[in-house]
Amino acid sequence: MSIIRNAIRSSFSLRASDPVISRNSLPFLQESRKCLSTVGEQPPSSPSPPPPGGSPAEEVKKPASEGWKLYGKFSGFSKHTLRSDVMNILEGCNVTSHDLKFSYMRGGNLNPAGVYVQFPSRSSYDSAMRAIAKKGRLYRLERATQSQWDPIVPYEGKVVALHGLPPNAIIEDIDRFLSGCLYHPGSIQFLTIQGLGSPKRVALVRFTSQTQAMNAYITKNRNFLLNQRITLQVLQ
Amino acid sequence: MSSHLFLRSRISLLRTLKPNHHIRTISGTPSLYQDPQLATDHESTTLPPNPATGSPLYQENWRSPIPNSPSFSQSLVPMGFLNQAPAARIRALSETLDMISLLNMFADWTASQRWSDMKQLFEFWVRSLDKNGKPNKPDVNLYNHYLRANLMMGAAPSDMLDLVAMMDDFSVAPNTASYNLVLKAMHQAKETEVAEKLLNSCVAKGRTDTLVSIIERCKSLDRNKSLCPSWILCTYMAEVATQEDNSKLAFYAFEFMYNWINRGEMARPSVLLSVDEGLVVSALATAARTCNPTLIDGSWMILKRSLRGKKAANPAAYVAKINAYASLGNLQKAFVALNEFENAYKDAEKEVKEEMLSPFTSLYPLVVACSKKGFETLDEVYFQLETLSKGDTPYKSVAALNCIVLGCANTWDLDRAYQTFDAISASFGLTPNIDSYNALIYAFGKVKKTPEATRVYSHLVGEGVKPDARTFSLLVDAHLINRDPESALTVIDDMIKAGFEPSKETLKKLRRRCIRELDNENDDKVESLAKKFQIRMGSENRRNMLFNMDYSRKLLLRKEGDSENISSHFFWDQRHDTTRNPKLIEEREGNTKMGGRNDEVGGDKEKEKEKEEEQDDMSVHSPCKALPSSASSLSKEQSQVELELTFLEALEIYPPVKLRGNYMVSCFLPMASRDTSPLCSLWSDGVSRQKFSADEVLQLLDRFYNIEMLKSDDEEIDILNHEEDFTLPPSYFDKEEQ
């Protein structure tokens, strides 16, 4: 029990002292505090711990055209988390890769705000809760609605974000930076996100497949573009 | 209430003293308590910050002639006759010593373990002024002596941490020794929580190198028991480490996480902790960039531990591992990793497997590593694979052989590429796949053997192998290298019929070749293809800077001594490159000089024209002939410039290498008699319709080439001008008579 508590002890002072982390993951921090406080009150040996945060057990059934589905929001992931990592956690929950949608925060460094999951049944949802408990309660799963699920456009692991672009970078520069990679030529688009202090330019590029996106991440991350080091992030 | 009155009276006083300031009205509600403030005048500029930094003494009255040291000062009542004398001596020393002499003194006192004197002297010294009247500022070494003195006097770890934090006041960054002293205090006091707090602060401040040294110190002191950061902290450490390319810190983080996984499984009930595969991929990429084999092994170990043998690792993890070993140059381990990758995904779909094991994308770092020393490395790898294929557990891999074929193609070694391709089926008993054929097409095309490349394509189609988009792209490249845009367009049509789309890069290459060949019809086809597939090809600014030149019509007037020289500069074509810094462009226009240019009056005529044919059929040439400076009018100069420009463009089509002897003259000779040139329509565009004599043409040619090499002999001219009927040699008639 003490080992479990030590393992899931979050370093609040660490997160609070780092302004990037604290500002961008503040909702996560608050949620994790709630989660930990709830866990501390419950014995770890309970077979089916109640949902965290004391969320009311609402009626789940939502009539849909193809049968009702349950939606949940998974939080506690980092920008390095892949779809396969979430699938590993949800092993045995009858969830496929198409049932996952990553949502990213617009501010900061496009850190993941959460992963929305579409569960085919209530038992699948409960299985996910048990899986979280079994794997260290490092993540939080809370209920979500279809209205939160539908608008999210999945990147499917094929889109790569280029951080650290200089202000005068153009599409030709991105093409030269990504030479040798297989991506859709017209998919390069520039975004301006509000980070700490000055706004930052980010380029999003869609690759032909997840494999090509990861190849680009492995080979091109932290290369130089117009004398500035570029950081790549694969959006799931 | 009295404080309110006091503050209000103070405000009114300030108002009288500084009537220009706008004072905000304060609410009269007695229940509200506000600190009255003077509103700043937003229009006025604030002063720059205080430049005096590096000592906390600046925050106090450091200019007072009376030494003010309340915290360190001795009591007015002497504590004892014996204590007073040393304190006064130490105070006197603090006012006379500089930093270097103080360091030397501390070194002596360390040997004699005079810790209290060291502490006292340091505290007096930092509150004293140096010979320039500025407060004494210690460096990190001096401060470390102070820390050591405190440690030896039994300071608590928390006090030590406070002292380290105070180093910021002196603008001194703590180094490894500083933290070592703190850790020693922690070790003595067995305070592991304080150690973790220290780790937190280091990670938060991004001091990854210091963090590494702290962890190493902890490990050496406590044998990994006292220091064990939380799982989340370890994850964060690993993320920061991969972000900053600190492979040691990443390894340590993974080591801690490995311990947590073990402990979690031993707990009751067990906790199955796992590390994110994405984090492992990132760490493997860091290991590749930093060439750290330890991190590769550590990352793979924790990945395997996390997966617990239940499923195969993500393909990206394998690719990252191969990439890491390839960057290290450890080809043996790279191919072992490739073998593991193939075994893990042997049941995957064929197309997915081919994409994962493509030597052009996923395994390209391995291809580059195989051809590091050219054919030596390639042969070594090939023979190793041949040996392994004949072992007890034969290792036969098409993907590995494809890497060698492509490596040979990259080094223009067609013979080796063909032999390796042939060996796939002959020696190894395997079936070449589409990547094998693609690599062979690439090898043929690169050395301009376009018919052979086309035959390979026909062969693979005949064998039932389905070509992919890369096959067609490589065929297009082969035709472009052969300067045949017509055939390249035919291949693109076949490509579209096969259901593939041409890439932007392919269309750009094709467009460039069409422009070089002045093939407007095919150029239009390329443009229509780009529009059809909604591909923005953009411009060719950078390539054009090497190839195109526009003789600028700007003339630079420059005085040299008593004479005025009118010189013209040849500039790069700047018309399209307006996205960069315009100032830089203006400077370039003013300063750029082409090679071999002579600015002097009547400069020497130099022959330095070079023409290089690059692989993508780009030609580079730079005329280096200086125009003779003259005081002629601007229009004459301009027409001369235009004439030379047109002449060079024509020579691009008919390069002098192909025009030998009098053929050169004969091409241009009709210009002497006709208004239009037989060469191309360019001659009649932009050039005034005037008749040129042969000598004028040769003179123009002489400006750019060594005319002696092209000059026709009189005999050749006579031969050319005289048309002779064919006659049998006299010896023939002699034989008949006989």
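Okay, here's what the table says:
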quantity: Residue within region B:356-372 that is within 11 Å of chain A (Cβ to nearest Cβ), of a type in the set (Val, Ile, Thr), under 25 Å from B:Lys248 (Cβ atoms) and in contact with a Leu (Cβ under 9 Å, 6 or more places away or on another chain) present; calculated: no
quantity: Filtered residues of region B:385-437 (kept if in contact with an Asp or Glu (Cβ under 7 Å, 6 or more places away or on another chain) and not acidic (Asp, Glu)); calculated: B:Ser397, B:Ala399, B:Asn402, B:Ser427, B:Asn433, B:Ile434
quantity: Per-region count, region B:509-546, residues part of a helix (DSSP H, G or I), surrounded by fewer than 18 Cβ atoms within 10 Å (Cβ to Cβ) and under 24 Å from the mean Cα position of the chain (by Cα); calculated: 4
quantity: Residues being assigned to a helix (DSSP H, G or I) and either in contact with a Leu (Cβ under 8 Å, 6 or more places away or on another chain) or within 13 Å of chain A (Cβ to nearest Cβ) (or both) - total across region B:259-299; calculated: 26
quantity: Residues being more than 10 Å from chain B (Cβ to nearest Cβ), modelled with pLDDT of 90 or more and within 20 Å of the chain's Cα centre (by Cα) - total across region A:184-232; calculated: 6
quantity: Condition check for B:Glu239: closer than 19 Å to B:Ala320 by Cα, within 30 Å of the chain's Cα centre (by Cα) and more than 7 Å from chain A (Cβ to nearest Cβ); calculated: no
quantity: Some residue of region B:318-329 being away from chain A (no Cβ under 14 Å) and either surrounded by 22 or more Cβ atoms within 10 Å (Cβ to Cβ) or within 27 Å of B:Ala409 (Cα to Cα) (or both); calculated: yes
quantity: Exclusive hit being in a helix (DSSP H, G or I), in contact with a Phe, Trp or Tyr (Cβ under 8 Å, 6 or more places away or on another chain) and within 14 Å of chain A (Cβ to nearest Cβ), set B:Lys304, B:Lys353, B:Lys333; calculated: B:Lys353
quantity: Residue within region B:167-175 that is over 28 Å from B:Arg63 (Cβ atoms), touching a Pro at 6+ places or on another chain (Cβ under 6 Å) and either modelled with pLDDT under 85 or of a type in the set (Lys, Arg) (or both) present; calculated: no
quantity: Unmet criterion (only one of (1) part of a helix (DSSP H, G or I); (2) at pLDDT below 95) for B:Lys310; calculated: (1)
quantity: Selection status of A:Asp150, within 16 Å of the chain's Cα centre (by Cα) and more than 14 Å from chain B (Cβ to nearest Cβ); calculated: no
quantity: Checking B:Val367 against (1) within 21 Å of B:Tyr325 (Cβ to Cβ); (2) out of contact with any Cys (no Cβ under 9 Å at 6 or more places or on another chain), the condition it does not meet; calculated: (2)
quantity: 2 or more residues surrounded by fewer than 19 Cβ atoms within 10 Å (Cβ to Cβ): qualifying helices (runs of 4 or more DSSP H) within region A:70-175; calculated: A:122-134, A:146-149
quantity: Residue match in region B:497-508 (condition: outside any loop (DSSP other than H, G, I, E, B), crowded, with 16+ Cβ neighbours inside 10 Å, modelled with pLDDT of 95 or more and of a type in the set (Val, Ile, Thr)); calculated: no
quantity: B:Ser397 being of a type in the set (Gly, Ala, Ser), surrounded by fewer than 24 Cβ atoms within 10 Å (Cβ to Cβ) and under 28 Å from B:Thr294 (Cβ atoms); calculated: yes
quantity: Meets criteria (at pLDDT 90 or above and over 20 Å from A:Thr219 (Cβ atoms)) for B:Val275; calculated: yes
quantity: The listed residue being touching a residue at least 12 places away in the same chain (Cβ under 8 Å) and assigned to a loop (DSSP other than H, G, I, E, B), out of B:Leu440, B:Leu430, B:Leu460, B:Leu406; calculated: B:Leu430
quantity: Matching residues in region B:152-179 - criterion: being over 19 Å from B:Pro138 (Cα atoms), part of a loop (DSSP other than H, G, I, E, B) and either among the charged types (D, E, K, R) or touching a helix residue (DSSP H, G or I) at 6+ places or on another chain (Cβ under 6 Å) (or both); calculated: B:Met153
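The rows are residues; the columns are (1) under 27 Å from B:Tyr318 (Cβ atoms); (2) free of Cβ contacts under 8 Å to residues at least 60 places away in the same chain.
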residue	(1), (2)
A:Glu156	yes, no
A:Ser179	yes, yes
A:Val202	no, no
A:Gln212	yes, yes
A:Lys220	yes, yes
A:Gln228	no, no
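The values are calculated or read from the model by the stated rules, or taken from the named source; none is laboratory data. The model shown is predicted, which means the values in this text are computed figures rather than measured ones. Positions of Cβ are generated from backbone atoms using ideal geometry, with glycine treated the same way; all protein chains shown enter the neighbour counts.
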